[in-house]
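Below is one structure, written out as structure tokens, with a few remarks after it.
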Amino acid sequence: MDTRARHRFRIYAGLQLGIRLLRGKEVGSEDVAIYGAFGVAIGTFTVWMAVRAAAKDRALPPGSPTATNLKKAISTGQLPEHASAELWEPELITMLIEERRMAWIGSVFFGLATVLGVFVIFEPGENPWLGVVCSVVFLGWAVGFPLWVRRRRPRIQKLLDQFPEEESLWR
């Protein structure tokens, strides 16, 4: 089994069992076995999807704007060796437009999820800890998401600026 699958299995099983503990329920060995089996299935499916996506990426010509190449280009700030403006610019422009929208949509969504977590805290029950954990996590995402987008947009713009002016469709 791939190490990524084992890692995702542990995360899934830990989250499921942690939620049960936060709700104040008793966790037995049968719970660990059931959530472990689901975790193995989810991890195997995730690895299969990753292998399938990598095979699709390898089938395309080098320098194509695949998800992997886009992510790598944004993180390193360099376009691949065989990148053409004809293929890459529409993808990068679409990403800029989507990022502008997602900056506020993500904040609103995570802000509403934070409010929902606050309601779970005050719901009559034995353990309000699930609401506290959810509220803190969603509040962090609501604040951090626009900051992440604000850092990422100039990187995408720098990639667009790397194409020569005679080849560029952007300018």
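The values are calculated or read from the model by the stated rules, or taken from the named source; none is laboratory data. What you see is a predicted model, and the numbers here were worked out from it, not measured in a lab. Cβ atoms come from the backbone with ideal geometry, glycine included; neighbour counts cover every protein chain shown. Just the protein is used for accessible areas: all its heavy atoms, side chains included, with ligands, DNA and RNA removed. Shrake-Rupley method; radii C 1.70, N 1.55, O 1.52, S 1.80 Å.
Quick look at the values:
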quantity	calculated
Residue in segment 87-100 that is over 17 Å from the mean Cα position of the chain (by Cα), open to solvent by less than 60 Å² (accessible area, probe 1.4 Å) and among the hydroxyl-bearing types (Ser, Thr, Tyr) present	no
Ser75 vs. criteria in a helix (DSSP H, G or I), of a type in the set (Ser, Thr, Tyr) and closer than 16 Å to Gln157 by Cβ	yes
Pick from segment 14-63, criterion open to solvent by 80 Å² or more (accessible area, probe 1.4 Å) and of a type in the set (Asp, Glu), ranking: modelled with the lowest pLDDT	Glu26
The lone exception for His82 - which of (1) without any contact (Cβ under 8 Å) to a residue 40 or more places away in the chain; (2) part of a helix (DSSP H, G or I); (3) closer than 18 Å to Leu160 by Cβ it fails	(2)
Sole residue being exposed (fewer than 14 other Cβ atoms within 10 Å of the Cβ), touching a Leu at 6+ places or on another chain (Cβ under 9 Å) and farther than 30 Å from Ile19 by Cα, chosen from Gln78, Gln162	Gln78
Extreme residue, nearest to the chain's Cα centre (by Cα), among residues of segment 110-129 that are open to solvent by 80 Å² or more (accessible area, probe 1.4 Å) and touching a residue at least 24 places away in the same chain (Cβ under 8 Å)	Trp129
Pairs, first free of Cβ contacts under 8 Å to residues at least 40 places away in the same chain in segment 42-57, second surrounded by 13 or more Cβ atoms within 10 Å (Cβ to Cβ) and among the aromatic types (Phe, Trp, Tyr), C-beta under 9 Å, six or more apart	Ile42/Phe9; Ile42/Tyr12
